[in-house]
Amino acid sequence: MNDDILLVRRIKQGEHGCFSELVERYQKPLYRYLRRLGLEHDEAADVMQNAFIRAWNNLSTLHEEGNFRSWLYTIASNQAKNWFRGRSRLAVLEQSSDNFLDENADSDREMDREKMRHWLDGALNRLPAVQRQIVVLRAFEDTPFAAVAEICGVSLTAAKVSYHRALKKMAVWLKPVREQVNMQDGR
Amino acid sequence: MRCPIDEGLMIDYLEGILDETERERVRDHIRSCPGCAERLLELNRVRGLFAAPALRRVEMPPEQFWNENLRAIEAATWRMPRQWRSRLFRHAAWKMVAAAAAVLLVFLGVGRMGVFSPGSPSLAGRQSFMLPVEQDSMKVMRRMLTDCTLAAEYLQTVSDLNADTTAGSADKTVLFPAGTSATVYDGLMDLDEEQLDGVMAIMAGN
């Protein structure tokens, strides 16, 4: 994080080449974040590029250089929302947990993991956009709640409450899935 | 009886963001309440999914993608950001205006002194009214005018000497006028006759 401060300051002082270091540092985590939000590869790549270019063009408005990561994720999140608005949610809903239950029994552990991953993606996509964003940031990116709140544009309390609700929903959705897996494995 | 801890508190417990007193309160209750223990277990299973490396994995594109992505962003950001450009322009514009004002000031000052007017009174008496920058400029210009005038006279003398074919004329010498810049004459001495004639013509206004 401290490195971010130095890099942003150097860029502001005219060392524009330092921006490439920020891109190299954040392009992979940002891509992962966007994919977990439910974007396809091409969409995530486009959103990521646009987010970096917007960040570059508006870097002078970033007054707290240490917040670069949160600020970049906020820009990317807003861009991702635009994608979601313009896209049918039907395809996403097709990946719901029900699909997992309908599939043939297979006790192979690797297959279970794949199925669980598929279920997890589906479950995340079933969450409302903000809850999904909060879960991804908190659970997958290990982002502190304060930064989650900042990125999502909500209060700290609202971020925590959303996270709680999302986890409760997912626990409810997960229960029958686990029961079926246990039944298939004779556990 | 209503349980003293809710699921929000359980999640905070799992997230590890409770202080020791609160943590102990949750632990105490879980030991004595199978229902809450089961709910805590279910929530922990969801968190376990998030934590499982196999499930956290996102299929990442090959290294070539990241290099191309970096190049694409560099190509799009090679210019200075728009906001900075406009700010810089405003900054540069002020500098240009300041420079133009300084030049104007100098010329106004020169014009006010009437230095280019024939028969103008001595500048020495007026220099006390000038700004320091005007005084410096005036000194330089006066020096240049003096040097040029004396150089013209010097060249005329050299030219007359060259044309002099009388006996003993070859032994005559021409000295630099006292107090003038030697560099002007050094430069003139390097010129051949034709070049000297050209300079003379220019200085005579032809």
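Tabulated values for the structure
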| quantity | calculated |
| --- | --- |
| Top-ranked residue of the range A:17-35 - restricted to ones that are of a type in the set (A, V, I, L, M, F, W, C) and buried (at least 21 other Cβ atoms within 10 Å of the Cβ), ranked as nearest to A:V136 (Cα to Cα) | A:L34 |
| Some residue of the range A:90-104 being modelled with pLDDT of 80 or more and surrounded by fewer than 17 Cβ atoms within 10 Å (Cβ to Cβ) | no |
| Tabulated pairs, the range A:138-152, first at pLDDT 90 or above, second among the small types (G, A, S) and assigned to a loop (DSSP other than H, G, I, E, B), C-beta under 7 angstrom, 6+ apart or interchain | A:A149/A:S155 |
| Criterion: more than 9 Å from chain B (Cβ to nearest Cβ) and at pLDDT 85 or above - qualifying residue of A:R87, A:R54 | A:R54 |
| Residues (in a helix (DSSP H, G or I) and more than 14 Å from A:L167 (Cβ to Cβ)) located in the range B:4-21 | B:E20, B:T21 |
| Count of residues meeting criterion [more than 16 Å from B:I17 (Cβ to Cβ) and at the interface with another protein chain (Cβ under 8 Å from one of its Cβ atoms)] in the range A:127-171 | 4 |
| Whichever residue in the range A:20-62 is closer than 20 Å to A:V154 by Cα and outside any helix (DSSP H, G or I) and, among such residues, is farthest from the chain's Cα centre (by Cα) | A:L62 |
| Test set (1) within 19 Å of A:V172 (Cα to Cα); (2) at pLDDT 85 or above; (3) crowded, with 17+ Cβ neighbours inside 10 Å - B:E7 fails condition number | (2) |
| Count of the range A:25-35 residues which are out of contact with any Asp or Glu (no Cβ under 9 Å at 6 or more places or on another chain) and at the interface with chain B (Cβ under 9 Å from one of its Cβ atoms) | 3 |
| Matching residues in the range A:132-151 - criterion: being more than 16 Å from B:V58 (Cβ to Cβ) and either assigned to a helix (DSSP H, G or I) or charged (D, E, K, R) (or both) | A:I134, A:R138, A:F145, A:A146, A:A147, A:V148, A:A149, A:E150, A:I151 |
| Members of the range A:36-50 that are surrounded by 22 or more Cβ atoms within 10 Å (Cβ to Cβ) and either facing another protein chain (nearest Cβ under 10 Å) or in contact (Cβ under 8 Å) with a residue 60 or more places away in the chain (or both) | A:R36, A:L37, A:G38, A:A44, A:M48 |
| Any chance B:L55 is within 8 Å of chain A (Cβ to nearest Cβ), at pLDDT 70 or above and surrounded by 11 or more Cβ atoms within 10 Å (Cβ to Cβ) | yes |
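Results for (1) among the aliphatic types (A, V, I, L, M); (2) over 28 Å from A:G38 (Cα atoms); (3) at pLDDT 85 or above; (4) surrounded by 12 or more Cβ atoms within 10 Å (Cβ to Cβ), shown as yes or no for each residue.
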site	(1), (2), (3), (4)
B:C3	no, yes, no, yes
B:E15	no, no, no, yes
B:W78	no, yes, no, no
B:R82	no, yes, no, yes
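For every residue, the table says whether it meets (1) part of a helix (DSSP H, G or I); (2) facing another protein chain (nearest Cβ under 8 Å); (3) of a type outside the set (G, A, S).
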position: B:R23; (1), (2), (3): yes, no, yes
position: B:R27; (1), (2), (3): yes, no, yes
position: B:R31; (1), (2), (3): yes, no, yes
position: B:A37; (1), (2), (3): yes, no, no
position: B:L41; (1), (2), (3): yes, no, yes
position: B:V46; (1), (2), (3): yes, yes, yes
position: B:F50; (1), (2), (3): yes, yes, yes
position: B:M60; (1), (2), (3): no, yes, yes
position: B:Q64; (1), (2), (3): yes, no, yes
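The values are calculated or read from the model by the stated rules, or taken from the named source; none is laboratory data. Remember, predicted model here, so these are calculated numbers, not experimental data. FYI the Cβ positions are ideal-geometry reconstructions off the backbone, even for glycines, and counts take in every protein chain you see.
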